[in-house]
Each structure stands twice: as C-alpha cells, then as structure tokens.
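Colleague: Next up is a structure, given as structure tokens.
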Amino acid sequence: MASSSDSNTPRGEAWVWFTGLGLIIGLGMVIGLLSLVLVNGITVFWAPPVPVAQIDDGRTVIGQLAQRRIRAGSLANAPQYERQYQVGLRELNGNSYLWVDEAKVKTETFPADVLGLERVEHGPAFVRPQALRKSDGKVIPITDPAFESALQAEVSAAVVVREKFEEITRHRIGDVNREMDEARVALRRAEDLKLADEIPVLRRQIDGLEERFVLLKAEAQKVVNSGAVATLDSKDAAGRAVVIPLTQIVRAWFPNRLDTWGRTQLFASRLGEFIFHEPREANTEGGLMPAIFGTLVMTVFMSLLVTPFGVITAIYLREYAQNGPILRIVRISVNNLAGVPSIVFGVFGLGFFVYVLGGSIDQLFFSDQLKYNNNTPVFGTGGLLWCSLTLALMTLPVVIVATEEALSAVPRGMREASLASGASKWQTIRDILLPASAPGILTGVILAMARGAGEVAPLMLVGVVKLAPTLPFDTVAPFLHMDRKFMHLGFHVYDLGFQSPDSDAARPMVFATTLLLIALVVTLNIGAIWIRNRLRARFKGAAF
Amino acid sequence: MNPSTSRIQVRPSAEREGRKDYISIRDYGFWYGQKKALDAISLDIPERQVVAFIGPSGCGKSTLLRNLNRMNDLVDGISHEGDITINGRSIYDPGLEVISLRRRVGMVFQKSNPFPKSVYENVVFALRVMGVRDRSILDEACETSLRKAALWDEVKDRLQDSALGLSGGQMQRLCIARAIANRPEILLMDEPCSALDPIATGKIEELIHELKEQFTIVIVTHSMQQAARVSDRTAFFYLGKQIEYDTTEKIFMNPSQAQTEAYISGRFG
C-alpha cells in the first residue's frame with residue numbers, strides 16, 4: 001500500500017504507447033497498400049526510355065524494363081539480379097516478356113530510332129523502323145525528317161478507319177442482329193399460332209433485315225480496304241524484317257526521343273483510353289469503360305434498393321415493435337446476417353432471385369420469348385437487377401443497424417415535444433425523427449456502398465461477366481436494361497490476375513484496375529459524405 | 001436556497017371566474033413497473049389559475065405532471081389507479097384519443113427542445129400535424145403565439161432561420177409559443193426555467209402571468225421563490241405523497257404541515 005502510493009507519476013501511462021503502436025501498424029498497412037497500388041497503377045501508363053541491350057550470348061534485346069529482381073538461388077550476401085524486358089512482338093518472339101541475367105547484359109544504349117507501338121492484336125511491339133509506305137504509294141525512309149509526322153498522320157487516319165469499322169460492326173450490325181432475333185421469334189410464334197396475316201409481313205421484314213446486313217458487311221469491308229494500304233517496314237532486335245500494316249497500330253511513339261511534355265501527353269492519352277474506351281485483347285489492353293459503368297450503376301442501384309428496405313425495417317424494430325424475446329432474436333439475427341460470408345448471398349441470389357424470381361418473371365411476362373427462342377431466359381439468368389438485389393440483401397444489416405442507432409440517438413426531448421404537440425407516432429417519425437437521423441442513416445448507406453462496390457464473389461454467380469457485348473444502358477427503350485449481364489471492376493481484377501493467358505502482360509493492368517476500383521469507391525463515398533455534411537449543416541447545433 | 005420564509009414574496013392571488021375542479025385528480029396512484037411513484041393523490045386545479053408543484057427531487061411532482069397529458073405512456077410497464085378528469089372527462093376514457101388530449105394540454109419541458117427546423121415551422125408544428133395547410137391561418141397563429149410568448153419582436157425578421165440559432169431563453173420561449181400555438185386549454189410546465197439565467201427566468205415568469213388569463217397552468221419548479229411568485233395555488237409532494245395543497249399564500253405563510261414548513265424554509269430537501 002505504502003510503496004504503491006509513494007510515486008506521484010500516474011500509473012498506466014505507458015499504455016498510451018501501446019495503443020499508439022496499434023494505430024501506427026494499422027495506418028502503416030493502409031498507407032503501404034494504397035501507395036503500392038498507386039505507384040504500380042499509375043506507372044503503367046508512363047512511357048520510359050527503351051534500351052537496346054547487347055547480351056553475352058550475342059543476342060540483342062529491345063524492350064521496356066518491366067521488373068528487376070534477385071535471381072532465385074543467388075547468394076544473399078552477393079545478390080545477382082535479373083531483369084525482365086517487355087520486348088513485345090509476341091507473334092515473332094512467342095512471348096512478350098524476356099528474363100535476362102543482369103550480369104550477362106554487356107551494353108545498354110538508348111538509340112533515338114527505337115519505336116514503340118501499341119497494336120490491335122498481339123500486344124505491343126518495340127522495333128527499329130526503316131521506312132513508311134504511305135497509302136498513296138510514297139515511301140518515306142526513316143532518315144527523312146518528315147518521317148515521324150507522316151507516321152503519326154497515318155496512325156491517326158488508321159484510328160479513324162478503325163472507329164468507323166467498329167461503329168458499323170458493333171453498333172449498326174448489332175442493332176440489325178437484335179431486330180432480326182426479335183423478328184425471328186415473332187415469326188416462329190406466328191407460324192406456331194397460324195397467324196396467317198402476320199407471317200408474310202414478318203418474312204418480308206426478315207428479308208429486309210438480311211439485305212441491310214449484307215449491305216453493312218460490304219460497307220465495313222469497304223472501310224477496311226480504304227485504310228489497308230499503308231505499312232511500316234521495320235526490323236526487330238535480331239535484324240529480321242517486320243512489316244506492320246498501319247491498320248494494326250493504335251499508338252506509336254519514339255520512347256527515346258520524347259521530352260517530359262511528350263511523355264505526359266502520351267500518359268494522358270493512355271489514361272484517357274483506359275477510362276473511356278472498351279477493352280481489347282482479352283481485356284489485357286484498352287479501356288475499362290464498361291466495367292466502370294457497370295460497377296457504378298450496380299452500386300447506385302444497390303444503394304437505392306437497400307436504403308428504403310433498411311430504413312423501413314429499422315423504423316419498425318425501433319419505434320413500433322414490442323420489446324421482448326422475439327425482438328431480441330430478430331436483432332441478433334440481423335447482426336449475424338452481417339457476418340454471413342458473401343458467397344452465401346451469391347448462392348442464395350442464384351437460387352432464389354435468378355431461378356425462382358427471375359424464372360417466374362419469365363414464365364409470366366416472357367413466355368413467348370421462352371417458347372419460341374430456344375428457352376433463352378430473360379430475367380431467369382444472371383443480370384444487373386439480381387446483382388443489385390443480392391448485394392442489397394448483403395448490406396441490409398449495415399443500414400438497419402445504422403438507422404436504429406441514428407433513431408435512438410435523436411434526443412428524447414425532441415420526440416416528447418412532437419408527441420406533446422399532438423403529433424401521432426407516424427407524424428413524429430416522418431417529420432422529426434427521420435430528418436434528424438438522416439445523417440446517421442447516410443453513414444450506414446456509405447458503409448453499405450463501400451462494402452457493396454468492392455464485393456466480387458457473389459456477383460460471379462448472379463450476373464457479372466468477363467466481357468459484356470453491350471452496356472446495361474442504351475438508347476433502346478427502356479434504356480436501362482436490368483436483365484443484362486455487365487462487367488465489374490472487382491471481377492475484372494480477378495479475371496485479369498487469375499484467368500489471363502499472359503499473366504505478365506496482365507500484371508500492370510491488375511494494378512491499374514485496382515487503383516481505378518479504389519478511386520471509384522472513394523469517389524462514391526466522398527459524394528455520400530458531401531451529402532451527409534450538407535444534411536448535418538442543416539441540423540447544426542442539435543445534439544447528434 | 002433562501003432559508004427564511006419571511007423573505008419570500010407572495011403575490012396575492014386574484015380569484016378569477018372558472019370551474020373550480022377543472023382538472024380533478026382523485027385517489028390517483030401510479031407505478032413504474034413494481035415501483036410506486038405516486039400514492040393517493042387527490043387535488044383539484046381551478047380553471048385559469050397557476051398551480052405549482054413543489055417538492056424534493058424524486059417526490060413524484062414531474063410524474064404527476066407528465067400524467068396530465070399522458071406523456072408517461074411512452075414508458076414501458078406503467079400502471080395507475082384512481083382517475084384524472086379534465087373538465088369532467090377522464091383522460092383514460094377509452095373513447096378519448098391520446099392525441100386529442102395532448103392537443104388540449106400543451107407542454108413545455110425542462111430542457112428547451114426546439115425542432116431542427118425554422119422558427120416558423122417550430123411554432124406552427126402543432127397546426128401542421130392537425131392538417132392545417134392554409135398559409136394565412138399558419139401565419140396568423142405564428143405571429144399570435146410568438147407575441148404571447150413575448151418573442152415576436154426578437155425573431156420577426158428571422159422566422160425562416162433555424163431555431164437552433166436562438167439563445168437559451170429565446171429557445172424556451174419558442175417552446176412556449178409552440179405549445180400554445182394550437183390554443184390548448186391547459187399548459188404544463190416542467191421546470192421551465194431550470195436551465196435559464198435570472199433575466200430569461202424573469203421574462204418567462206412575466207409570461208406565465210399573462211398566459212394565465214387564457215390558460216390553466218400547472219408548473220413544476222424547484223425554486224420556492226418562483227412558486228411563490230407565479231402561482232395561485234401550490235401543492236407540496238414528498239416521496240410520492242401529496243403532503244399539502246392550498247393557496248400559495250397559505251402554503252408559504254402558514255403551512256399546516258410541519259414537513260411543508262421544513263421544506264420551504266430550507267431545512268430539508
């Protein structure tokens with residue numbers, strides 16, 4: 001007793017270091033994760049100088065340095081490094097990437113004539129160009145000072161041609177195909193029901209569509225032919241001649257000639273393509289617009305579904321339900337729902353939403369479609385609606401718990417004042433409690449959104465695909481197609497990282513996609529937080 | 001608290017017209033679960049008078065007040081015996097909606113509790129929940145109530161501003177304006193000045209004097225001076241029992257019970 005009360009220093013103060021340590025470890029991990037993703041994700045789009053390396057065994061390598069690591073088996077005190085070059089020209093080299101022992105690299109030079117190419121097929125290429133054969137037959141040698149501008153002009157022309165071609169094949173032919181499918185289903189139905197009036201009309205419609213299809217095909221071919229003349233004659237690292245048609249080229253740059261501004265422009269152009277364009281080459285190149293759009297739409301829909309459900313449920317639980325064992329069991333169940341693994345919700349979504357609900361909708365409203373279109377389901381298969389519903393169910397407990405907390409945090413005095421003024425319970429809830437607890441409810445919705453936007457496992461079962469032919473949104477009524485399958489950033493990361501045939505080529509895209517997913521979630525959250533702060537400002541001074 | 005009874009000023013009570021047993025409490029007992037909070041209360045409150053409930057903390061005075069408009073219905077596990085009638089009708093009459101009771105019995109709370117809405121919306125809240133939509137009626141009720149609550153001149157230019165920007169005293173007067181906006185017959189005040197400074201308290205007490213021309217007021221207070229200043233009749237409670245109920249003059253000048261005298265002179269409580 002005496003000894004312990006001697007000291008004037010407060011006891012237990014050392015715990016502040018212990019608790020601080022916990023925070024530091026947590027912060028360190030978060031910052032580490034974010035900076036890793038940020039650095040790896042951003043540098044994907046940056047074009048560094050590309051070396052020409054002479055190797056001991058007589059080989060020459062032209063390629064962008066992708067990685068450097070300690071060679072497996074080398075001694076810890078005398079580490080030996082190896083380098084991975086992205087050499088491109090997959091169709092010639094068999095592989096886009098090459099590992100080389102650093103010790104065996106004799107010289108590395110950065111000649112100005114190394115040309116980097118992004119191509120429609122077979123990934124990128126690093127070559128030494130010799131001459132440009134233009135569409136009009138002129139040949140411009142590399143020594144000509146006008147070579148670069150002529151090359152860029154031809155590349156731009158090729159891009160325009162390709163966009164025209166895409167427009168025809170993807171959209172116009174796609175529309176014809178869709179109309180044709182509809183007409184064929186209608187024809188089968190008419191034949192089955194012996195609707196003598198309709199059959200000839202539909203036959204004529206189908207003939208007309210087939211005619212249009214043939215015309216569009218021809219037009220597309222014409223477009224392709226118009227741009228197929230120009231070629232780029234080059235040599236690869238080994239000195240082999242490589243002739244690259246310009247229709248194959250997406251982007252061309254001289255990595256060793258660019259100044260910082262040029263590199264920045266290239267960076268911006270690549271980043272722009274990444275965000276606003278559609279993917280190419282089994283998703284390993286091109287953009288992610290469909291996935292960004294899909295993630296965004298799905299998350300917004302999920303929030304729109306989960307908020308009313310959760311708030312209504314919480315109002316009943318908190319304001320109307322009789323306190324007792326049943327209410328306690330319900331609360332415990334709701335809390336446990338938050339801990340159920342997400343894949344379980346996916347299985348439930350598939351079994352109930354897709355098969356039972358979707359199947360019933362098809363039976364009721366799309367029976368013709370089922371009968372005359374080889375049993376092709378409309379809602380009875382995975383889709384945007386079922387993904388949103390499944391995730392809404394998964395995030396429901398978050399919103400319920402947050403709303404209950406927010407309702408119980410409304411000062412008792414405010415509730416009493418409302419009731420004492422002669423307001424009914426419902427009026428009190430609607431006019432006083434809900435506005436006052438709106439910021440708290442939004443906090444729940446923010447948490448739900450953050451969880452929902454990053455969820456992948458259940459979506460794989462109920463409607464996310466690797467490559468969706470169309471966006472869930474277009475100009476055909478009803479504009480938003482909740483039955484369509486869609487692409488999702490989270491699934492894209494998984495698909496790139498684990499399902500890609502060329503994992504080396506996919507690796508940078510994994511980081512870039514991850515960065516984009518994080519950025520999207522952060523953006524959504526900032527939006528919701530902004531709304532919440534505006535609401536809070538309205539109730540400034542009130543006790544919540 | 002001032003220990004001497006002689007220094008408490010008692011305002012002479014002017015008997016006004018009105019029913020003597022406007023609020024009538026008969027053999028009233030009240031339980032929170034197993035705990036008996038009120039026991040055998042019987043008192044009559046005359047129309048358009050101010051009645052003060054005094055007593056030490058936990059004596060049941062607030063409980064009784066909150067039963068007059070059945071605010072205690074919010075609490076789980078309550079029960080009562082006896083009866084309370086207002087103008088001859090029991091407040092526990094199954095045919096009487098508790099909402100219509102509360103529309104006739106306004107209430108002002110210890111802690112001012114304006115809604116996080118504009119001043120205007122606070123005042124007309126009771127009318128809005130009754131379904132009044134006519135803008136002119138609402139405007140008129142707003143002005144009348146704020147004038148009665150002696151707040152109009154201070155807030156008439158900021159009716160659309162948030163009520164949470166007012167000062168403590170203004171907020172409490174706003175709550176009074178809100179309570180009288182739908183013209184109740186009775187006004188219950190649960191220690192309305194306990195969180196206010198003396199100037200704001202003075203204003204509220206002035207207000208009570210003016211309001212009793214129209215309303216029957218029941219006020220719970222911890223301040224003996226306040227009870228003496230504002231009330232016509234005073235009831236003293238102790239441990240859930242009604243010790244004494246009489247005119248304020250009698251209670252403060254010549255109480256019949258020793259406990260009452262001990263309490264108001266500050267010897268206990």
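Colleague: If residue A:383 passes every condition in (1) surrounded by fewer than 18 Cβ atoms within 10 Å (Cβ to Cβ); (2) in contact with a His (Cβ under 9 Å, 6 or more places away or on another chain) but one, which one does it miss?
Modeller: In the conditions (1) surrounded by fewer than 18 Cβ atoms within 10 Å (Cβ to Cβ); (2) in contact with a His (Cβ under 9 Å, 6 or more places away or on another chain), residue A:383 misses (1) alone.
Colleague: Also, quick follow-up: Can you tell which of A:148, A:182, A:166, A:191 is open to solvent by 20 Å² or more (accessible area, probe 1.4 Å), at pLDDT 85 or above and not β-branched (Val, Ile, Thr)? Step through it out loud before you land on a result.
Modeller: Working: A:182 fails: at pLDDT 85 or above; A:166 fails: at pLDDT 85 or above; A:191 fails: at pLDDT 85 or above.
So the residue among A:148, A:182, A:166, A:191 that is open to solvent by 20 Å² or more (accessible area, probe 1.4 Å), at pLDDT 85 or above and not β-branched (Val, Ile, Thr) is A:148.
Colleague: Next question. Keeping to the stretch A:224-241, report how many residues are open to solvent by less than 10 Å² (accessible area, probe 1.4 Å) and not in a loop (DSSP other than H, G, I, E, B).
Modeller: Residues in the stretch A:224-241 being open to solvent by less than 10 Å² (accessible area, probe 1.4 Å) and not in a loop (DSSP other than H, G, I, E, B): 2 in total.
Colleague: Can you pull out every residue in the stretch B:173-186 that is crowded, with 22+ Cβ neighbours inside 10 Å and more than 12 Å from every other protein chain (Cβ to nearest Cβ)?
Modeller: Result: B:173, single match.
Colleague: What's the number of the condition residue A:398 fails, among (1) more than 7 Å from every other protein chain (Cβ to nearest Cβ); (2) open to solvent by 10 Å² or more (accessible area, probe 1.4 Å); (3) more than 19 Å from residue A:341 (Cβ to Cβ); (4) part of a helix (DSSP H, G or I)?
Modeller: With (1) more than 7 Å from every other protein chain (Cβ to nearest Cβ); (2) open to solvent by 10 Å² or more (accessible area, probe 1.4 Å); (3) more than 19 Å from residue A:341 (Cβ to Cβ); (4) part of a helix (DSSP H, G or I) applied to residue A:398, the lone miss is (3).
Colleague: Of B:84, B:54, B:45, B:41, which residue is farther than 30 Å from residue B:266 by Cβ, more than 14 Å from chain A (Cβ to nearest Cβ) and among the hydrophobic types (A, V, I, L, M, F, W, C)? Walk me through it before giving the result.
Modeller: Numbers: B:54 fails: farther than 30 Å from residue B:266 by Cβ; B:45 fails: farther than 30 Å from residue B:266 by Cβ; B:41 fails: farther than 30 Å from residue B:266 by Cβ.
Just a single option satisfies the conditions, and that option is B:84.
Colleague: I've got another one for you. Among the candidates A:340, A:356, which residue alone is loosely packed, with under 15 Cβ neighbours inside 10 Å, in a loop (DSSP other than H, G, I, E, B) and at pLDDT 90 or above? Show your work before the answer.
Modeller: Values: A:356 fails: in a loop (DSSP other than H, G, I, E, B).
Answer to the check: A:340.
Colleague: Among A:285, A:278, which is the only one that is surrounded by 18 or more Cβ atoms within 10 Å (Cβ to Cβ) and without any contact (Cβ under 8 Å) to a residue 40 or more places away in the chain?
Modeller: Matching residue, one of A:285, A:278: A:278.
Colleague: How many residues are charged (D, E, K, R), within 12 Å of another protein chain (Cβ to nearest Cβ) and closer than 19 Å to residue A:536 by Cβ if we restrict to the stretch A:401-431?
Modeller: Filtering the stretch A:401-431 down to residues charged (D, E, K, R) leaves A:404-405, A:412, A:415-416, A:425, A:430-431.
From the residues that got through so far, the ones that are within 12 Å of another protein chain (Cβ to nearest Cβ) too are A:412, A:415-416, A:425, A:430-431.
With closer than 19 Å to residue A:536 by Cβ added as a condition, the list becomes A:431.
Of the residues in the stretch A:401-431, 1 are charged (D, E, K, R), within 12 Å of another protein chain (Cβ to nearest Cβ) and closer than 19 Å to residue A:536 by Cβ.
Colleague: I would also like to ask the following. May I ask you to list the residues in the stretch B:107-161 that are of a type outside the set (Phe, Trp, Tyr), within 9 Å of chain A (Cβ to nearest Cβ), assigned to a loop (DSSP other than H, G, I, E, B) and closer than 23 Å to residue B:206 by Cβ?
Modeller: Matches in the stretch B:107-161: B:110, B:111, B:112, B:113, B:114.
Colleague: Just to confirm my filter: which strands (runs of 3 or more DSSP E) fall fully inside the stretch A:96-141 and include at least 2 residues that are among the hydrophobic types (A, V, I, L, M, F, W, C) and surrounded by 18 or more Cβ atoms within 10 Å (Cβ to Cβ)?
Modeller: Numbers: elements: A:97-101, A:105-109, A:115-119, A:125-133, A:139-141.
Fully inside the stretch A:96-141 and qualifying: A:97-101, A:115-119, A:125-133.
Colleague: Going by the structure shown, is residue B:104 touching a residue at least 40 places away in the same chain (Cβ under 8 Å), within 10 Å of chain A (Cβ to nearest Cβ) and surrounded by 20 or more Cβ atoms within 10 Å (Cβ to Cβ)?
Modeller: Working: touching a residue at least 40 places away in the same chain (Cβ under 8 Å): yes; within 10 Å of chain A (Cβ to nearest Cβ): yes; surrounded by 20 or more Cβ atoms within 10 Å (Cβ to Cβ): no.
Judged against the criteria, residue B:104 is not a match.
Colleague: Do you know which residues across the stretch A:432-448 are more than 14 Å from chain B (Cβ to nearest Cβ), open to solvent by 20 Å² or more (accessible area, probe 1.4 Å) and either of a type outside the set (Val, Ile, Thr) or without any contact (Cβ under 8 Å) to a residue 40 or more places away in the chain (or both)?
Modeller: Applying the first criterion (more than 14 Å from chain B (Cβ to nearest Cβ)) to the stretch A:432-448 yields A:441-448.
Imposing the further condition that a residue be open to solvent by 20 Å² or more (accessible area, probe 1.4 Å) reduces the set to A:442-443, A:447.
A:442, A:447, listed by residue number.
The rows are residues; the columns are (1) part of a strand (DSSP E or B); (2) under 15 Å from residue B:108 (Cα atoms).
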residue: B:183; (1), (2): no, yes
residue: B:187; (1), (2): yes, yes
residue: B:194; (1), (2): no, yes
residue: B:213; (1), (2): no, no
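Colleague: Moving on to the next point. Identify the single condition in (1) small (Gly, Ala, Ser); (2) open to solvent by less than 50 Å² (accessible area, probe 1.4 Å); (3) not in a strand (DSSP E or B) that residue A:72 does not satisfy, given that it satisfies every other one.
Modeller: Condition (2) is where residue A:72 drops out.
The values are calculated or read from the model by the stated rules, or taken from the named source; none is laboratory data. Computed from a predicted structure; not experimentally measured. Every residue, glycine among them, receives a Cβ derived from its backbone with ideal geometry; neighbour counts consider all protein chains shown. Ligands, DNA and RNA are stripped out before the accessible areas are found, and what is left, the full protein with its side chains, is counted by its heavy atoms. Shrake-Rupley method; radii C 1.70, N 1.55, O 1.52, S 1.80 Å.
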